Amino acid sequence: MRHTFLLLLITISAHLSFSQSAQISYKISSYDNTPKAFQNLLLSNAAIENNDTINEEILDLVNPMVLDSVLGRKKEHHQVFLVGWLIHAFGNFNWRAVSMTKEKFVGTVRSDARNSEEEYTEYDIDYDLNFHLKKYLNHVFKSYDTQKGYHRQDVRRSHRTNYETVPFVRDTNDLDIKRYRMHCEMTPPAPFRVQLHYLFFPTQPGLALKDHPNFGTDHPSMGFYGASCLDCNHNCHPELHPYEWTWWLNLHGTDPQAKTWLTGLFYESSNRFRHWSHTPKVGKISIPFAFAVKEDKSAYPTVTIEHLVINKFVNKELDKLNIPDTTFDSKLENRLVTINDMNGAKYGINIVFKNMLLTEDLKYWLSDINWDAKNHILSGYFNFATAVKELYTSRIIFKN
């Protein structure tokens, strides 16, 4: 009996010690009415999917960045032996930056494509976006206007461009957004393409987005972050190439309310963009959340993180980013995050890792926490930062 009682005490003590080490606290930073875009996170997934503008407004709340956000030079070119340099130097075939800093674009996919086999070093995963948000339309207007200034023609006669019509001539009071697209392109690292196909996004031929478990539709809204440029290997059409962050909401899960995010950080592995994309890939991303809190606080909301396709983490690279002291890692399966308001009230969020990782180069934290007392909504940002050799992808589920 004594031994049983002693064992019980040891078990309780160990549990308390674990609970204390697993907890971390944050303070509420504002007490405002919840912004509309954050309120939209409380809509059903069906309601979000049926309104591309709302979907894009939610995705636009995401804030990505990479350490090498400034482009190393104005132009990049193919690296196929001396041919790439020769056509760049004498034919002016290259990619030309529209902005010297990497940019974010959020839109809805009109079409997607991928290589069936590697062409030299290229194996591109492509998405063409249309935009319902005015600021991204204005962004792409700038790219088309720059393209018109070059007046370049594709060497293929079937791809000749008429610069005297839409999208180069436009009436901003009567726009067909389908005529304005941004081509988003990236070659993921070869050793991980099969894993990506099954766990993240389609990389192999023959699978429609609507049949992939992370999409469920051929026209998802998506966010991309990378180098905004013109592809002057053809007719200088607008591209985001390479994109290095991508994110979207999978609105086809079994829970009609839970918000399932897919996020991916990539190094462009085709060797075409030596001055625009570097390894290791060091970056961070902020993902919005909003929880409806019951008055009695009887149940905590949950954030579940699942690591998908990952590469080697790179030690000490995160020191180069501006990361707060109040971070936690993925070394514990469960932890409780507590949030304190100015009146002494406490709110909790359960953080669950479906697969733990014993690394110091993957950090998480909360920021910009707002308590809307009138509507009982707790909102803010769930952030993570990482430093990897080539890629990191994850699924993050927010459940009330």
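The values are calculated or read from the model by the stated rules, or taken from the named source; none is laboratory data. Please read all numbers here as calculations on a predicted model, not as lab measurements. No Cβ is skipped: glycine too gets one built from the backbone with ideal geometry, and neighbour counts run over all protein chains shown.
Take the residues in region 271-319 that are among the hydrophobic types (A, V, I, L, M, F, W, C) and under 16 Å from the mean Cα position of the chain (by Cα), then tell me which one is nearest to residue 361 (Cα to Cα).
That would be 282.
Pull out all pairs, ordered by first then second residue, where Cβ-Cβ is under 6 Å, the residues are six or more apart or on different chains, the first lies in region 174-194 and is of a type in the set (Phe, Trp, Tyr), and the second is in a helix (DSSP H, G or I).
If the second residue must be in a helix (DSSP H, G or I), the pairs left are 180/140.
Report whether or not residue 391 is surrounded by 16 or more Cβ atoms within 10 Å (Cβ to Cβ) and within 21 Å of residue 25 (Cβ to Cβ).
In short, no.
Could you please let me know if residue 150 is touching a residue at least 24 places away in the same chain (Cβ under 8 Å) and surrounded by 16 or more Cβ atoms within 10 Å (Cβ to Cβ)?
no
Cβ-Cβ below 8 Å, separation at least six or inter-chain, first residue in region 358-371 and under 12 Å from residue 382 (Cβ atoms), second modelled with pLDDT of 95 or more and of a type in the set (Lys, Arg): which pairs?
Final answer for the pair search is 369/27.
Of the conditions (1) more than 20 Å from the chain's Cα centre (by Cα); (2) hydroxyl-bearing (Ser, Thr, Tyr); (3) modelled with pLDDT of 95 or more, residue 254 clears all except one; give me its number.
Checking residue 254 against (1) more than 20 Å from the chain's Cα centre (by Cα); (2) hydroxyl-bearing (Ser, Thr, Tyr); (3) modelled with pLDDT of 95 or more, the one that fails is (3).
Out of curiosity, is residue 278 more than 28 Å from residue 338 (Cβ to Cβ), in contact with an Asp or Glu (Cβ under 9 Å, 6 or more places away or on another chain), touching a residue at least 60 places away in the same chain (Cβ under 8 Å) and surrounded by fewer than 18 Cβ atoms within 10 Å (Cβ to Cβ)?
Criteria met by residue 278.
I'm told residue 335 meets every condition in (1) closer than 29 Å to residue 371 by Cα; (2) surrounded by fewer than 16 Cβ atoms within 10 Å (Cβ to Cβ) except one. Can you identify the failing condition by its number?
For residue 335, the failing item is (2).
Can you tell me which of 127, 136 is assigned to a strand (DSSP E or B) and under 23 Å from residue 61 (Cβ atoms)?
The match here is 127.
Here are some residues: 66, 70. Which one is under 21 Å from the mean Cα position of the chain (by Cα), at pLDDT 95 or above and either farther than 21 Å from residue 244 by Cβ or buried (at least 19 other Cβ atoms within 10 Å of the Cβ) (or both)?
Of 66, 70, the one residue that is under 21 Å from the mean Cα position of the chain (by Cα), at pLDDT 95 or above and either farther than 21 Å from residue 244 by Cβ or buried (at least 19 other Cβ atoms within 10 Å of the Cβ) (or both) is 66.
For region 41-63, give me each residue that is in a helix (DSSP H, G or I), free of Cβ contacts under 8 Å to residues at least 60 places away in the same chain and closer than 16 Å to residue 258 by Cβ.
The answer is 47, and nothing else.
Write out, first by first residue and then by second, each pair whose Cβ atoms fall under 7 Å of each other, whose residues are 6+ apart or on separate chains, and whose first residue, in region 315-332, is over 13 Å from residue 388 (Cα atoms) and touching a residue at least 24 places away in the same chain (Cβ under 8 Å) while the second is surrounded by fewer than 16 Cβ atoms within 10 Å (Cβ to Cβ) and of a type outside the set (A, V, I, L, M, F, W, C).
329/360
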